[in-house]
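**Q** Take this structure, written in structure tokens, and hold onto it; I'll ask about it next.
No lab work stands behind these numbers, since they all come straight from the coordinates. Keep in mind that this is a model prediction, so the values were computed, not measured. All Cβ positions, glycine included, derive from the backbone under ideal geometry; neighbour counts span all protein chains shown.
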Amino acid sequence: MTPRTRPRRRRSALLAGFAAALTGLATAVVLPASSASAATGLAALAAAKGRFFGTATDQPELSDTQYTSILTGGEFNQLTPGNRLKWQFTEPVQGQFDFAEADREVNLGLAHRMKVRGHTLVWHSQLAGWVTALPSDQVQAAMEHHITTEVSHFKGRVFAWDVVNEPFNEDGTFRADVFSNAMGSGYIADALRTAHAADPRAKLYLNDYNIEGTGPKSDAMYNLAKSLLAQGVPLNGIGFQGHLAVQYGFPATMAANLQRFADLGLDVGITELDVRMPLPETAEKDATQDLYYHNVVSACMAVRRCVGVTVWDFTDKYSWIPAFFPGQGAPLPWDENLVKKPHVYDTIADALCARPTTT
Ligand code: G3I
């Protein structure tokens, strides 16, 4: 894909046209009157508003020096290891922990003044095989030991943990997995309490996808959060992953949805943002993608307790999308050649600078 540089006025007109065309998907999009300087890193723009702009990363890309020079070059002030803090890597054999690769990523972030999010402690996927093979009466002890050991290891270095990832089905029922099968939905409170005991200063999150707008899954997360807080469970935030696609419409209720969680006294964050499209890339799909990026970042900026936005890696070169969604791609602000896409980058910069908008 070749990045295009359009005159800004033309780009804004195109975006406005798409905003009008997407009636019912996104309303009242306020496009910025003036462009933010592309020379200013996204991190600096976010920090000026008390937020972070972050990215995920992973081991394969860290040997790519062109990649790492962008990663550590000031565009990002938050880092999320995309894989290496997951159970399959940190405790591949019961009781045998290996934090070498995770340490490398966490320390890289800290060395470049990035806040580090811990992803993730309890998840049905990318588990070590031995966990799913455990007799159910041993799962709770294994989960608690895993959380205590991992959180303690990173105490003071990881500012926020996705303690439980993706606990819900699309209809808002609890996902059946080794943890809920053994402990019922109470595993979530137990996981949060265990993490809090290991690092009382870490911010503890629940994280999920398809909860960006209101709906059964988001409502289930809201009701769970409310119930946990009422029981005094140490829950500090909700992560909205933000894996969007131009062909599925924009979750128009996003800002209001973030706000209702914030009104419970929780932090919120966009934790895994990308906007994919069916290939080939076209100017129309790019314009829709720009609009979605703008709307997501604007939704975060409109909610005081939205702590920041994290893209799920920053370059198409290392995106998870082509492997998981064959025929789709081009989801991130930098292309496969590690060249910044002005149309995506500028719209993010604009949204970070603009007055809060309503989506
Ligand atoms: O570790 C093995 C390696 O030994 C093997 O040689 C190689 C061969 O393909 O695979 C490696 O495992 C891969 C793993 O990432 C680590 O690199 C898996 O194949 C691959 O499927 C896995 O994909 C990850 C995916 O989670 C798994 O669900 C993506 O990189 C990661 O970006 C993605 O991240 C998730 C978030 O954690 C939760 N939200 C959704 C998001 C996207 O799926």
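**Q** Taking region 129-198, how much of its Cα-Cα pair set, in percent, is spaced more than 21 angstrom apart?
**A** Details: 653 of 2415 pairs.
The answer is 27 percent, as a whole percent.
**Q** Can you give the three extents of the C-alpha atoms in the chain along their principal axes, from longest to shortest, in whole Å?
**A** 62, 42, 38
**Q** For the peptides 262-269, 161-168, what is the packing order when you average, over each peptide's residues, the other Cβ atoms within 10 Å and list the highest mean first? Numbers along the way, then the final one.
**A** Working: 262-269: 18.9, 161-168: 24.9.
Top to bottom by mean Cβ count within 10 Å: 161-168, 262-269.
**Q** Report the net charge of residues surrounding GLU272, where surrounding means a beta-carbon distance below 15 angstrom and charges are Lys +1, Arg +1, Asp -1, Glu -1.
**A** Details: positive: LYS86, ARG117, ARG276; negative: ASP58, ASP162, GLU166, ASP208, GLU212, ASP274, ASP313.
Surrounding charge for GLU272 is -4.
**Q** List the cysteines in the chain whose Cβ has no other cysteine Cβ under 4.7 Å from it.
**A** When partners are defined as cysteine Cβ atoms under 4.7 Å apart, the chain leaves CYS353 without one.
**Q** Ranked highest first by average number of other Cβ atoms within 10 Å, how do 307-313, 279-285, 43-49 line up? Let's see the in-between values first.
**A** Values: 307-313: 26.3, 279-285: 13.9, 43-49: 18.4.
By packing density, highest mean first, the sequence is 307-313, 43-49, 279-285.
**Q** Amide H of ARG175: which non-local residues (sequence gap of 5 or more, or other chain) have their own amide H closer than 5 Å, using H built in the peptide plane?
**A** The list, which skips near neighbours in sequence, is PHE168, ASN169.
**Q** Still on this structure, please answer the following. Per residue of region 143-151, what does 6.51 cos²θ - 1.76 cosθ + 1.60 with θ = phi - 60° give for ³J(HN,Hα)? Whole Hz please, x for Gly and Pro, Karplus curve as stated.
**A** Working through the residues one at a time gives 5, 5, 5, 4, 4, 4, 5, 6, 5 Hz.
**Q** Given H placed 1.01 Å from N in the peptide plane, which residues other than close sequence neighbours of ASP267 have an amide H under 5 Å from its amide H?
**A** Residues meeting the criterion, in which the H sits 1.01 Å from N, are GLY237, ILE238.
**Q** Right, something else. Amide H of GLY308: which non-local residues (sequence gap of 5 or more, or other chain) have their own amide H closer than 5 Å, using H built in the peptide plane?
**A** For GLY308, the qualifying residues are PHE52, ILE270.
**Q** Quick one: which of LYS86/LYS115; LYS115/LYS285; LYS285/LYS341; LYS155/LYS217; LYS155/LYS340; LYS115/LYS155 span more than 24 angstrom between C-alpha atoms? Don't skip to the answer; put the middle values down first.
**A** Details: LYS86/LYS115 18 Å; LYS115/LYS285 33 Å; LYS285/LYS341 14 Å; LYS155/LYS217 31 Å; LYS155/LYS340 35 Å; LYS115/LYS155 13 Å.
Violating the 24 Å limit, Cα to Cα: LYS115/LYS285; LYS155/LYS217; LYS155/LYS340.
**Q** For ASP58, what charge total do you get from the other residues with a beta carbon under 10 Å from its beta carbon, if Lys and Arg give +1 and Asp and Glu give -1?
**A** Summing Lys/Arg as +1 and Asp/Glu as -1 gives -3.
**Q** Follow-up. Over the Cα atoms of region 183-307, what radius of gyration and what Dmax do you get, in Å?
**A** Taking only Cα atoms of region 183-307, I get Rg and Dmax of 16.0, 51 Å.
**Q** Another question, then. Could you give each residue of region 161-172 its phi-based ³J(HN,Hα) in whole Hz, using Karplus coefficients 6.51, -1.76, 1.60 with θ = phi - 60°, and x for Gly or Pro?
**A** 10, 7, 5, 10, 10, 6, x, 10, 7, 4, 8, x
**Q** When PHE250, PHE97 are ordered from fewest to most other Cβ atoms inside 10 Å of their Cβ, what list results?
**A** Numbers: PHE250 27, PHE97 16.
Ranking PHE250, PHE97 by Cβ neighbours within 10 Å, fewest first, gives PHE97, PHE250.
**Q** Starting from the Cα of ARG175, step 7 Å along the direction of its Cβ; do the same at ALA230; then give the gap between the two resulting points in nm.
**A** Spacing of the two 7 Å Cα→Cβ label points: 2.5 nm.
**Q** List, in order, the whole-Hz ³J(HN,Hα) value for each residue of region 320-325 obtained from phi through the Karplus relation with A = 6.51, B = -1.76, C = 1.60 and θ = phi - 60°; use x for Gly and Pro.
**A** 6, 4, x, 6, 9, 10
**Q** Could you work out the local net charge near GLN231, counting Lys and Arg as +1, Asp and Glu as -1, over the other residues with Cβ closer than 14 Å to its Cβ?
**A** +1
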